[in-house]
Every structure is written in structure tokens, then in C-alpha cells.
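This report concerns only the one structure given below.
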Amino acid sequence: MSSERSLRRKIKELFLSFWLESRLTKREILKLYLDRAYMGGGTFGVEAAAQFYFGKSVRNVTLAEAAMMAGLFKAPTKYAPHINLPRARARANEVLSNLVEAGFMTESQVHDARLHPAKAIETRQAYSPDWFLDWAYEEVQRLAAGKEQYVLVARTTIDLATQRKAEEAVASIISQHGRERNAHSAALVSMEPNGAIRAIVGGLDYGASQFNRATHAHRQPGSSFKPYVYLTALQNGYRPDSMVYDRAPSCGNWSPHNYSGSSGSGARLTMARALAKSLNTVAVFLSLKVGRRKVLANVKKLGIKGVKLSCSMALGDTGITPIEHVAGYAAFANGGFRVKPYGILEIRNSRGNLIYSHDRDEPPAKRIFKLHTIEQLNRMLHMVVEEGTGRRAQLDFTNVAGKTGTSSSYRDGWFMGFTGSLVTGVWIGNDDYRPTNRVTGGNLPAMAWQRFMAVAHTNMNIPTIPGLEMHPRQREELQRLAELRRRNPALAASQNADHRSIMPPRTRAALKSLIEALRKVGAKIPLHPAATKAPANNTRAGRSNGFGPRRKTFGPQRKASLSMPN
């Protein structure tokens, strides 16, 4: 159920309680609760909480530690010992008093626990990508539904270094400019052009609010919606150099106005220039000319839900989620293929059996737009960054294509953009829909986007955006490396060698069989990259599918061979 506070939810809870009582014993219900409840620190269930806070199984905790864990159920974030140890101990003391008052223990039995209160270990993992893991947990539940498997380990797409950089970029921009701009919330999603999620930032402080704005908040995209309109125009005979007029068309009793407040200058200009200047008048004209239903059909093809037919549809008047919006732009970055965001590569059950594999179980990506059309659009979006409203998003080492977006009354600011290897969207605004102090897509969101993308690319091996030429800096780097290889053939041979193929296929197959056999008898061993062909920069992250403890383990990250330019 949702987190809404309503009479309807209470009635649903009542029926669920009857359903549970009729099918499960009190002990079974308690066990399910203890295995599923959120316990702070990104953990679900008492076993995961005991491991996280005390470095031991829940079977081995002391009375003081058990009391501290019991105190978490009331408010796990508030009473988490790694956040506020004095408050956690005070709450644990209340739990001990309750045990005495209820007659379960005597004061003498709890005396030692009061005298020596629990303390969380300092060797626990200090960083957890909780925004991503919450979303990935939902994905695992969806993928494992109906399989009757409840203790699962999932291998995910997240790149921990990229996730950290995303959080730091968003936090630094809000810290520097949020107060003066009256902007106190933000979200970021970054994925590869095929939909593999690399980072999710659902807010500024996970401890203060676990609501994931990146995956669940619907906000108006403003002008960042316009590329979907221009895409439809390109499909219907328009070209980037087609001439249009900056004047407001009428739709019933409504006419658009540009950012400046005017109804258009009447100037004649190319369609590419109109997009770079983000003219509302031209976007509305194109949507009416080619047909709003055609625009809506393209939006649905891209997997964006909830957009409604309206006169101002071209200006992004319907709320959409950042993750949907980024997936829409990913179709531009990959040359016209439908993108379904994913964070789960594979899922295994407690016996080590593979019950889901993205490569095996998901259908191949479907082309939904012609390459030529996407190339035309990408050249226009590149112009937005080079000459238009998105100049703050420029990178000096690779090409960028993207679009700014600002909703009415400056409530939402967006920058949506991509390089050849990453598609990223940033939203900045306020949770209560209060207007900001003139935050536009071209200032804070573009600045946060640029700050993140400048460090998210760890090498110069960045594919060329469809429709654009290679960036001069990348061409220079390729020429430099080619010259080094020419002068040093041994270096060329070592760089061209596929180190993953050193292990013979028969040996790799034998190792995989051995691993599976050991798993079936309960042995826990790490997967060898050479044996499993695990992609670089992936993280193993496991949570139960509702009935077991959540567990998180993080694997090593491979480093790229080429460093970024200074």
C-alpha cells in the first residue's frame, strides 16, 4: 500500500489483518514482521540490523543490543544508534523498563543492560546507496513475484563511485545556491543509453526523508518536454532548417507566451534555432500543426505515462517522474531504441540457482524511431547546449546534447542531457510545490548536471552521439594513443589483448560448475569475474523479497585504463 494517511487505507489494513489472522499463527505473523520491518541504516529485518549495527547475528546479540534494536521499530531513522547514540540508548532504556513493567523480566535481570548500554560498531560500512537500493528492492519484488522465492540475492547495475559523485554534485549545488534561490529539494537519475541505471539520487538527505523523488515524484517537465514535440515534427516532414515564425498560435481561448512574457516577436527563424532559444510559441505551433495525438503517441512509445492531451501539452504541463524522463532521452542517445530502465542484472535464490537474468529473460530493445530522425534531433539538442539555454552544461572533453526545462512560477527546474555513454536528468525545486527564486533549467539544474557529468566519465572512450562528430579532444587523445602504439608495438599488443580470455573456456565452465555445486551444499564463496563474466563496475546487492533479511555486499570496482584530462 501507499503511505497515504486516509480512512480508505485504514479499512484496507483492517481487511488485511483479518486475512493474516485467518491464515497464519501469531508466531508466524511476528516472524514476518521481524524479517520485513525497516530498521534504519538501509536495513530491513532484525538479522540485517544486527549485522549492520553490531557485526553479529541476531541470535548472538546481548540484552542491551536487543533492547536497542527493539527501540528502532517506533522510529528507525530517529533512534538509529549510528545517527544519534544517546537517543538510541534512552529509547533502549524505555524498552527495558517496559519489559520489567510487563513482568517478562525483573529489575535485577535488566540492571547489567542498563549499566552497560549497547554501542554500534565503528567498522560497519559507512556508505550505502540507499536511494538506488530502495528502487532495486522494488524491482526485485516485481521480478520475483509469483516465483515463491523469498530469500534472494540480486546483482545490480549500480556504480558506487558514480553514485557518490551524483550525490555530491547535487548536494554541493543546493548547499551553495539553495537558500538564495529558495530551492531545497533535488533528484538525479543517470543511466547508460541501454537503460542500465548507474546512479539514483532521490533527495538531499535519506535519513530525513526516504521518499524517492527520482522514481516516484511527478513534476512538470516544462520545456524539457519539447524534444518530444520536435521529434514528432521531424517525423512529419519538418527539418532542422525548416523556417518557422515566433508568434503565438491560438488553441481555443488560450495562447502561449515565451519566457520573456511576450506572445512572440514575429521573427522568422529555423526550427533548430527555435529549440535552442526554447520558444514556447514555436513548440505549441508545431504540436498543433503535426497533431497533438501524434506527440502523445510518441511519448507513450518512449514509456512515459500520464501525459494528457491539452493545449499546453507541448510546454510540459503534466507531471512525469525523472526516471521516465531520462529513459525517454536515452532513446535519443542510443539512436532510436525503446529504453526500459533496469537495475537488476540477475537474481539467485538461497540455493544459488539463477531465477532471473536480464540478458536471458528480457526481450531485445525495439527500434521505435528511425536513426535519421534521431540524428537530426540530436544535432538540434547539441545546439541547445552550444548556443542556447543549456550552455552551462558544456563539457570540454566530449559532446553534449540536452534541453533545459522550467515549469510555471519557477516551481520546477530541469536539465536533461546525454553524452555518448551516459544519460542524466536533474530536477531541482521544492517538495511542497512552492515557487523557487527564479530557478530555471539553465542555471542550477544545468550546473549540477555539468558538475556530475564532468567527473562521472572516467576515461575518454566515450561513444559518439548519433548524428554528431567526435569531439576534438577525443580525436586528439585517439591520435596521441595511436602515435604511442606506433612507437611502441609492445604497448599496442598489451592494450589490445583481451585479458578476460586468458582463462580457457573449458576451465571457466568447470569453475562455474564447481561454484554451483558448492552453492547447493551451502558453501559461500565469491564469484570470480573470469568465471562469471561479471560486467565491470557492477555491485552485488541483495535484499529479501519480503520474508527474509535484507543484505548488502559490494564488490570491487574496475578502473578504466585511460584517465581523464587535467
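Extension gain, Ala161-Arg59: 0.36 nm per intervening residue step, less the Cα-Cα distance, totals 33.3 nm. Shape descriptor for region 121-228: Rg over Rh equals 1.02 (Cα atoms; Rh from the Kirkwood inverse mean 1/r). The alpha carbon convex hull volume per residue for region 224-304 rounds to 90 Å³.
Close amide H pairs (under 5 Å, H built 1.01 Å from N) link Ile368 with Phe337, Arg338, residues at least 5 positions away or on another chain.
A simple packing score, the average count of other Cβ atoms within 10 Å per residue, orders the peptides 181-194, 282-295, 417-430 as 417-430, 181-194, 282-295, with the highest score first.
Under a 5 Å amide H cut-off, with hydrogens placed 1.01 Å from N, Ala196 pairs with Tyr342 among residues at least 5 apart or on other chains.
Run down the aspartates and glutamates and flag those whose C-alpha is under 12 Å from the C-alpha of Lys31, throwing out any fewer than 8 positions away in its chain. Correct list for Lys31: Glu47.
Sort Glu375, Glu516, Glu483 by Cβ crowding within 10 Å, fewest neighbours at the top.
Neighbour counts put them in this order, fewest first: Glu483, Glu516, Glu375.
Start at zero, step by 10 Å, and the Cα-Cα distances of region 21-115 spread as 17, 45, 33, 6, 0 percent across the bins. At q = 0.09, 0.15 Å⁻¹, what base-10 log of I(q)/I(0) does the Debye formula yield for region 279-389 when every alpha carbon is treated as an equal point scatterer in vacuo? Listed by q, the Debye log ratios stand at -0.34, -0.79.
Site pair Ile11 and Asn459 shows an inter-label distance of 5.9 nm when each label is modelled 7 Å from Cα along Cα→Cβ. Extension gain for Asp361-Ile83 works out to 96.0 nm (0.36 nm per residue, less the C-alpha to C-alpha distance). Taking the empirical scaling 2.2 N^0.38 Å for compact globular proteins as reference, the chain has a Cα radius of gyration ratio of 1.10. For region 423-430, 3J(HN,Hα) computed residue by residue from phi via the Karplus equation (6.51, -1.76, 1.60; θ = phi - 60°) reads 10, 9, x, 10, 10, 9, x, 10 Hz, glycine and proline entered as x. Normalised by residue count, region 366-497 yields a Cα convex hull volume of 148 Å³ per residue. Tell me the relative contact order for region 224-304 as a rounded percent, counting alpha carbon contacts under 8 Å between residues six or more apart. Relative contact order of region 224-304: 36 percent. For Leu345, nonlocal amide neighbours, meaning residues 5 or more places apart or on other chains whose placed amide H falls under 5 Å from its own, are Arg155, Thr156, Thr157. With r defined as the distance between the Cβ atoms of Gln141 and His116 and R0 fixed at 51 Å, what FRET efficiency is calculated, to the nearest 0.05? Efficiency at R0 = 51 Å is approximately 0.80. Applying both filters, DSSP loop and at most 15 other Cβ atoms within 10 Å, to the GluC sites (Glu not before Pro) of region 139-168 gives Glu148. Dividing the convex hull volume of the alpha carbon atoms of region 71-130 by its residue count gives 94 Å³ per residue. Restricting the trypsin sites (Lys or Arg not before Pro) of region 124-157 to loop positions (DSSP other than H, G, I, E, B) with no more than 16 neighbouring Cβ atoms within 10 Å leaves Arg124, Lys147. Between Tyr33 and Gln235, the contour length at 0.36 nm per residue exceeds the Cα-Cα span by 67.4 nm.
Cα-Cα over 24 Å: which of Lys305/Lys403; Lys12/Lys340; Lys305/Lys370; Lys226/Lys301; Lys78/Lys165; Lys26/Lys56?
From Lys305/Lys403; Lys12/Lys340; Lys305/Lys370; Lys226/Lys301; Lys78/Lys165; Lys26/Lys56, over 24 Å: Lys12/Lys340; Lys78/Lys165; Lys26/Lys56.
Since every read-out is calculated from the coordinates, none of them should be taken as a lab result. Bear in mind that the values here come from a model prediction, so they are computed numbers and not experimental data. Glycine also receives a Cβ, built like all others from the backbone with ideal geometry; neighbour counts cover every protein chain displayed.
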